[in-house]
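Take a look at the structure below.
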Amino acid sequence: MRIETLAVHAGRESDATGAVAAPINLSTTFEREADGSLPRGFVYARTDNPTRRSLEGCLAQLEGGAACAAFASGSAATLAILLALAPGDHVVAPADAYYGTARILRELLEPWGLAVTFVNMADPRAVAAAITGRTRLVWAETPSNPTLAVTDLAAVAALAHGAGAVAVCDNTWATPLLQQPLALGVDVVLHSTTKYLGGHGDLTGGAVVAREDDALFARVRLAQTVGGAVPSPFDCWLLLRGIRTLPYRMRAHCDNAGQVARFLAAHPRVEAVHYPGLPTDPGHAVAARQMTAGGRARFGGMVSVQIRGGADAALAVAARVRLFTRATSLGGPESLIEHRASVEGPASRTPPGLLRLSVGLEHADDLVADLAQALDG
Ligand SMILES: *Cc1c(COP(=O)(O)O)cnc(C)c1O
């Protein structure tokens with residue numbers, strides 16, 4: 001089945017009532033038989049519950065994986081993957097990783113004993129040079145946040161496997177509609193479901209999908225069930241509901257972002273546009289074969305733009321928008337704008353004039369008109 005069909009049907013369980021929209025199962029505990037057995041397979045909601053199990057089945061199918069574990073946030077899911085390693089192990093991670101991922105590595109796991117090398121993941125030679133005899137995991141994120149650098153996932157997975165390491169891809173920005181990392185050789189996919197999968201800006205969640213239900217995934221499952229950073233049944237239900245429309249929302253995000261990126265690239269106050277859909281973008285060629293939907297290259301809904309004049313000029317543009325909302329996060333129906341360097345603080349590596357746009361589902365002409373008045377104002 002194609003992904004549009006899976007998005008509607010995967011993880012849909014019928015219950016005794018015949019309800020077409022799935023119920024939410026809020027029970028924290030499940031009854032035993034007189035002999036102490038649990039014939040329906042559920043014990044306690046942290047360990048497993050019907051609504052979360054439906055969601056996990058759905059996400060595993062969307063990514064073409066064997067198993068999925070859902071978490072309370074993308075960050076909790078990230079931590080669960082990395083906790084599957086042991087102190088002394090080495091990780092190669094992108095220098096432009098999502099800043100929360102970089103903080104987990106630097107502030108939680110380096111003190112715990114993990115060794116980390118941050119590299120330009122878009123350059124396979126840099127990845128090869130960073131791999132050591134102790135490398136156990138290579139972490140990729142593509143397109144990256146906030147500069148939309150594109151990593152060749154098949155190349156990075158091959159390098160990781162050559163060293164006996166696993167390859168992980170943060171697929172939050174591309175979503176399984178546009179990019180199928182497991183089919184490219186990646187072992188584990190990470191999602192912040194807070195973003196496009198939820199799609200409505202009203203839930204926080206994360207997920208890990210593994211190609212094999214193997215020893216590494218067993219450690220992730222242990223971090224989930226014993227560590228306990230699990231999503232509520234209500235958030236699982238909201239997420240299943242959001243996923244039903246993912247393929248159609250993503251097409252509109254991509255169309256709108258393409259139009260916004262082309263407008264910005266032609267504007268005299270703009271220094272640079274980061275969007276892999278632009279033929280001049282350094283990641284365009286890899287993205288055009290790696291990010292497709294229905295056989296057509298598609299480049300996602302995120303655009304970053306550098307305004308001439310640095311931080312002050314960028315903040316002035318952000319102050320003048322009327323339709324875009326000044327807020328962090330991404331992937332919802334409403335367009336958002338954010339000055340990343342301010343959010344990331346003094347340690348930020350983001351160019352000071354950069355604004356990150358989550359291009360929403362409004363009409364593209366209205367979005368372009370808003371950016372035009374903000375840039376010209
Ligand atoms: C938001 C985000 C995360 C972290 O997810 P949370 O749900 O906020 O914890 C990780 N990776 C990427 C690419 C993100 O955009």
Practice item. Please give the net charge around ALA22, taking every other residue with its beta carbon less than 11 angstrom from that of ALA22, where Lys and Arg add +1 and Asp and Glu add -1. Key: +1
Point to revise | In order through the range 278-287: 3J(HN,Hα) via Karplus (6.51 cos²θ - 1.76 cosθ + 1.60), integer Hz, x for Gly, Pro | key: 6, x, 7, 5, x, x, 4, 5, 5, 4
Check your understanding: Which far-off residues, 5 or more places away or on another chain, put their amide H under 5 Å from the one on ARG326, with H placed in the peptide plane?
Key -> ILE337
Practice item. Please work out the Kirkwood hydrodynamic radius for the chain, using every pair of different C-alpha atoms, and report it in angstroms with one decimal place. Key: 21.3
**Study point:** On Cα atoms only, tilt of 364-376 relative to the major axis of the chain in degrees
**Key:** 50
Check your understanding: Extension gain ASP123-GLU33, at 0.36 nm per residue separation less the Cα-Cα distance, in nm?
Key -> 26.6 nm
Check your understanding: What longest range of the chain stays clear of loop-exposed GluC sites (Glu not before Pro) (DSSP non-H/G/I/E/B, at most 14 other C-beta within 10 angstrom)?
Key -> 34-211
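For the chain, what does -39500 (n - 2.57) per DSSP helix run (n ≥ 4), summed and divided by total residues, give at 222 nm, in deg cm²/dmol to the nearest 500?
The helix-only estimate for the chain comes to -10000 deg cm²/dmol at 222 nm.
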Check your understanding: For the Cα atoms of the chain, what angle does the longest principal axis make with the long axis of helix 310-320, in degrees from 0 to 90, nearest 10?
Key -> 80
Exercise for review: Can you tell me the relative contact order of the range 278-377? Whole percent, Cα pairs under 8 Å, sequence separation 6 or more.
Suggested key: 29
Point to revise | Inter-label distance for HIS9 and ALA115, nm, one decimal - labels placed 7 Å from Cα along Cα-to-Cβ | key: 5.0
**Study point:** Order of exposure, largest accessible area first, which applies to HIS161, HIS267 with probe 1.4 Å
**Key:** HIS161, HIS267
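The values are calculated or read from the model by the stated rules, or taken from the named source; none is laboratory data. Every value quoted in this text rests on a predicted model; they were computed, and no experiment measured them. Backbone-built Cβ (ideal geometry, glycine too); neighbour counts: all protein chains shown. We work out accessible area using only protein heavy atoms, side chains counted, and drop any ligands, DNA or RNA first. Shrake-Rupley method; radii C 1.70, N 1.55, O 1.52, S 1.80 Å.
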